[in-house]
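S.K.: This is the structure I want to talk about, given as structure tokens.
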Amino acid sequence: MRFVIRLILQILLFPLTLLLATAIYTRNWFYNIGILQSTRPAVFTINVGNLNLGGTGKTPHVEYLVNLLADKYKMSILSRGYKRETKGFVLADENATAKTIGDEPMQYYQKFKDKIKVVVCEDRIAGVNKIQTDFPKNELIVLDDAFQHRRIAPHLNLLLCDYNRPFYTDHLAPVGKLRDIRQSANRADAVIVSKCPEHISVSTRLSMKENISRYTLANIPVFFSKIQYKPIVSYANQQAFAPQNPATVLTAIAKPEVFIDYLNAQGYKIDKIIDYPDHFAFSRKEIEAVFNQAGTLPQIITTEKDMVKIKPLLQAQELNYFFYVSIEIHISDKHEFDNFVLKAISKSI
């Protein structure tokens, strides 16, 4: 029955998908023939993007690049600052919050403020130019989610492809969950298959590479990455969470089921699941509702990305009830990937 309903909806929504596809094809064609102009900045730029409507793991991949490059180059992260309450160019500083720069840039700032600059600007060209004006010694900029921002032509375009829903099997919204056409993958300099399971067979790797290569240019490398969860710890004192304790899980991320599956696999006792839309802007009202649902002795597990929005809303004693988990990525061909990125940079810098 669900399949029939889904099929009917896809048929009804197909004209909208066709209109969107036509608009994207036309826009890309205008850029490709030069009617619309792309600009390649003077400073080396690396973009981390996708074709999906979120949920491919851009944030930990951006953090991977920072960890790889920050000790070698003076660098910045430039993000749009999705769902922030400000406009224009904003440099993250000690007064920044998730409301002023966005949740993901706030996470970057908290982690890397002593190493790099974190900037938000919806106009990537204007953002890059102002970074270079204000910080002329800056050597490198990582663009967070600028694959569809055709006005800027990055020196290195990294495209993420979700292992669980690869773009070559998906369809453009609203029929599917792509925000860009599959053929746009031909702008990628490398593809990273993200959110891979612990073990992938050689045949699966070869099959995915073959399917991806149908949409990319010839000889574009394909890498595979997986999420590694760090220990769940208290925000108040960094003590580890005891798996035997019942917990309320609170999330506002694109694909919370992946996080829930991990907690279940690790034996955590999940009492309640409270899920909000990705990038949801929490208020005190939601926090109080969570405490009401969690009971008299709440133990609440959330993600690092969500914690940057939740922390400013908590009273000091309430921090003791919150636990969070950080993630990082592991690239199976780490040496090859690192060399690929470093060689691309060394040719320009």
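The values are calculated or read from the model by the stated rules, or taken from the named source; none is laboratory data. This one's a predicted model, so the numbers in the text were calculated from it and none came from an experiment. Every residue, glycine as well, gets a Cβ built from its backbone with ideal geometry; the counts of neighbours run over all protein chains shown.
S.K.: Identify the single condition in (1) touching a residue at least 40 places away in the same chain (Cβ under 8 Å); (2) in the same structural domain as Arg151 (by TED's automatic domain parsing); (3) part of a helix (DSSP H, G or I) that Tyr25 does not satisfy, given that it satisfies every other one.
M.R.: Going through (1) touching a residue at least 40 places away in the same chain (Cβ under 8 Å); (2) in the same structural domain as Arg151 (by TED's automatic domain parsing); (3) part of a helix (DSSP H, G or I) one by one, Tyr25 breaks only (2).
S.K.: Inspect all residues belonging to region 4-13 and state whether any of them is among the charged types (D, E, K, R), part of a helix (DSSP H, G or I), modelled with pLDDT of 95 or more and not assigned by TED's automatic domain parsing to the domain that holds Asp170.
M.R.: Within region 4-13 (the criterion being among the charged types (D, E, K, R), part of a helix (DSSP H, G or I), modelled with pLDDT of 95 or more and not assigned by TED's automatic domain parsing to the domain that holds Asp170), the answer is no, since none of the residues qualifies.
S.K.: Is it the case, given these coordinates, that Lys117 is at pLDDT 95 or above, in the same structural domain as Asn339 (by TED's automatic domain parsing) and among the basic types (Lys, Arg)?
M.R.: Spelling it out, Lys117 is indeed at pLDDT 95 or above, in the same structural domain as Asn339 (by TED's automatic domain parsing) and among the basic types (Lys, Arg).
S.K.: So, in region 302-341, how many residues would count as being hydrophobic (A, V, I, L, M, F, W, C), within 24 Å of Val191 (Cα to Cα) and out of contact with any helix residue (DSSP H, G or I) (no Cβ under 8 Å at 6 or more places or on another chain)?
M.R.: Looking only at that region, the number is 2.
S.K.: Among the residues of region 229-275 satisfying the criterion of being touching a Lys or Arg at 6+ places or on another chain (Cβ under 8 Å) and either among the small types (Gly, Ala, Ser) or assigned by TED's automatic domain parsing to the domain that holds Asp103 (or both), which is nearest to His61 (Cα to Cα)?
M.R.: Across region 229-275, the extreme among qualifying residues is Ala252.
A quick yes/no check of all residues on (1) touching a residue at least 24 places away in the same chain (Cβ under 8 Å); (2) more than 15 Å from Val48 (Cβ to Cβ); (3) part of a helix (DSSP H, G or I):
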{"position": "Glu63", "(1), (2), (3)": "yes, no, yes"}
{"position": "Leu68", "(1), (2), (3)": "yes, no, yes"}
{"position": "Tyr82", "(1), (2), (3)": "yes, no, no"}
{"position": "Ala96", "(1), (2), (3)": "no, yes, no"}
{"position": "Lys99", "(1), (2), (3)": "yes, yes, yes"}
{"position": "Gln110", "(1), (2), (3)": "yes, yes, yes"}
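S.K.: Condition test on Ile310, is it assigned to a helix (DSSP H, G or I), within 21 Å of Tyr108 (Cα to Cα) and among the β-branched types (Val, Ile, Thr)?
M.R.: The answer is yes for Ile310.
S.K.: Test each condition in (1) within 12 Å of Leu143 (Cα to Cα); (2) crowded, with 20+ Cβ neighbours inside 10 Å for Gly102 and report the one that comes out false.
M.R.: All conditions are met except number (1).
S.K.: Sticking with this one: Here are the criteria: (1) farther than 26 Å from Tyr64 by Cβ; (2) buried (at least 17 other Cβ atoms within 10 Å of the Cβ). Tell me which single one Ile310 does not satisfy.
M.R.: (1)
S.K.: Here's a follow-up. Quick one: which strands (runs of 3 or more DSSP E) sit completely within region 205-301 and have at least 2 residues that are more than 19 Å from Val191 (Cβ to Cβ) and not polar (S, T, N, Q)?
M.R.: In region 205-301, 246-251, 269-275 are the strands (runs of 3 or more DSSP E) which contain 2 or more residues that are more than 19 Å from Val191 (Cβ to Cβ) and not polar (S, T, N, Q).
S.K.: Tally the residues that are part of a strand (DSSP E or B) and charged (D, E, K, R), restricting the search to region 322-336.
M.R.: The number of residues fulfilling the criteria is 1.
S.K.: Of the conditions (1) surrounded by fewer than 15 Cβ atoms within 10 Å (Cβ to Cβ); (2) in contact (Cβ under 8 Å) with a residue 24 or more places away in the chain, Leu91 fails just one. Which one is it?
M.R.: Status for Leu91: all satisfied but (1).
S.K.: Oh, and also: Residues that are over 29 Å from Ser225 (Cα atoms) and more than 17 Å from the chain's Cα centre (by Cα): does region 39-56 have at least one?
M.R.: Scanning region 39-56 turns up at least one residue that is over 29 Å from Ser225 (Cα atoms) and more than 17 Å from the chain's Cα centre (by Cα).
S.K.: Residues being surrounded by 15 or more Cβ atoms within 10 Å (Cβ to Cβ) and either in a strand (DSSP E or B) or free of Cβ contacts under 8 Å to residues at least 24 places away in the same chain (or both): count how many of those fall in region 190-204.
M.R.: Residues flagged as surrounded by 15 or more Cβ atoms within 10 Å (Cβ to Cβ) and either in a strand (DSSP E or B) or free of Cβ contacts under 8 Å to residues at least 24 places away in the same chain (or both) within region 190-204 amount to 6.
S.K.: Pairs, please: C-beta under 8 Å, at least 6 apart or cross-chain, first residue farther than 13 Å from Leu250 by Cα and in region 282-306, second assigned to a helix (DSSP H, G or I)?
M.R.: Hits for this filter: Ser283/Leu313; Arg284/Leu313.
S.K.: While we're here: In contact with a strand residue (DSSP E or B) (Cβ under 8 Å, 6 or more places away or on another chain), of a type in the set (A, V, I, L, M, F, W, C), surrounded by 19 or more Cβ atoms within 10 Å (Cβ to Cβ) and over 29 Å from Lys99 (Cβ atoms): which single residue out of Phe259, Phe224 fits that description?
M.R.: That would be Phe224, the only listed residue that is in contact with a strand residue (DSSP E or B) (Cβ under 8 Å, 6 or more places away or on another chain), of a type in the set (A, V, I, L, M, F, W, C), surrounded by 19 or more Cβ atoms within 10 Å (Cβ to Cβ) and over 29 Å from Lys99 (Cβ atoms).
S.K.: Cβ-Cβ distance below 8 Å, separation of 6 or more or different chains: which pairs start in region 141-153 with a residue that is under 20 Å from Pro60 (Cα atoms) and end on one that is part of a loop (DSSP other than H, G, I, E, B) and of a type in the set (Asp, Glu)?
M.R.: The qualifying pairs are Phe147/Asp180; Gln148/Asp180.
S.K.: Which of (1) hydroxyl-bearing (Ser, Thr, Tyr); (2) within 22 Å of Asp114 (Cβ to Cβ); (3) surrounded by fewer than 13 Cβ atoms within 10 Å (Cβ to Cβ) is the odd one out, the single condition Thr26 does not satisfy?
M.R.: That leaves (2) as the condition not met.
S.K.: So, in region 181-211, of the ones that are over 22 Å from the mean Cα position of the chain (by Cα) and among the aliphatic types (A, V, I, L, M), which residue ends up nearest to Gly57 (Cα to Cα)?
M.R.: The qualifying residue nearest to Gly57 (Cα to Cα) is Ile200.
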